[in-house]
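Asker: Pasting a structure here, questions to come.
The values are calculated or read from the model by the stated rules, or taken from the named source; none is laboratory data. Since the structure is predicted, the reported quantities are computational estimates derived from the model, not experimental observations. For neighbour counting, all protein chains shown are included, and Cβ atoms are generated from backbone atoms with ideal geometry for every residue, glycine included. Quick note on the areas: whole protein, heavy atoms, side chains included, nothing else; ligands and nucleic acids left out. Shrake-Rupley method; radii C 1.70, N 1.55, O 1.52, S 1.80 Å.
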Amino acid sequence: MLHIVLYHPEIPPNTGNIARLCAGTGTKLHLIEPLGFSLDESRLRRAGLDYWPHVDLTVWPDLASYLADDGKGRRLVATSARGGEAVHRFAFTPYDSLLFGPESTGLPPEVKAMASGRLRIPTKNCIRSLNLSTSAGIILYAALADLGALDVWQA
């Protein structure tokens, strides 16, 4: 089962959109503190709409706590706008934890170094990066397609 891990997320609507994405795909969502918002903030709730009861959400005090609980053999895969293997060439596993950094800075080097894999979304050079919730959707659906998980869902 794939996991999305948001490391120090800052923008409530991005996290709410990703929560809705996770509800629609059966993907676990993990938030690594500190968060740049309160979980009862209206913008977060509004972006997730009425899907919050369907989100499998865990909030962790730090990344070390998440990794210590990783008894399932999950592989930590860091995402980056500036490095790593292109998403369409990356070999996903069902045990991947897709790690996304804060919107303003991305993942710090020491966190990237903890990952077993790194991937990026190819873009033209005219932009620095894509929106966090857009990136999470692209990468999650690429992983689901690569694993053949989309074949069982209605088109």
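Asker: Only residues that are surrounded by fewer than 18 Cβ atoms within 10 Å (Cβ to Cβ), under 25 Å from Gly24 (Cα atoms) and of a type in the set (S, T, N, Q): list them for the stretch 56-114, please.
Answerer: Thr58, Thr93
Asker: Hey, Tyr66 hits all of (1) free of Cβ contacts under 8 Å to residues at least 40 places away in the same chain; (2) touching a Phe, Trp or Tyr at 6+ places or on another chain (Cβ under 7 Å); (3) part of a helix (DSSP H, G or I) but one; which does it fall short on?
Answerer: Unmet condition: (1).
Asker: State which residue pairs qualify: first residue assigned to a helix (DSSP H, G or I) and β-branched (Val, Ile, Thr) and inside the stretch 133-155, second residue surrounded by fewer than 17 Cβ atoms within 10 Å (Cβ to Cβ) and modelled with pLDDT under 95 in any location, beta carbons under 8 Å apart, and separation of 6 or more residues or different chains.
Answerer: What qualifies is Ile138/Leu130.
Asker: A further question on this structure: Using the structure shown, decide if Ser80 is in contact (Cβ under 8 Å) with a residue 24 or more places away in the chain and closer than 17 Å to Val5 by Cα. Quick ask: steps written out before the conclusion?
Answerer: Numbers: in contact (Cβ under 8 Å) with a residue 24 or more places away in the chain: yes; closer than 17 Å to Val5 by Cα: yes.
In short, yes.
Asker: Name the single residue that is farthest from Phe92 (Cα to Cα) among those in the stretch 132-151 being open to solvent by 20 Å² or more (accessible area, probe 1.4 Å) and of a type in the set (Val, Ile, Thr).
Answerer: Only one residue tops the list, namely Thr134.
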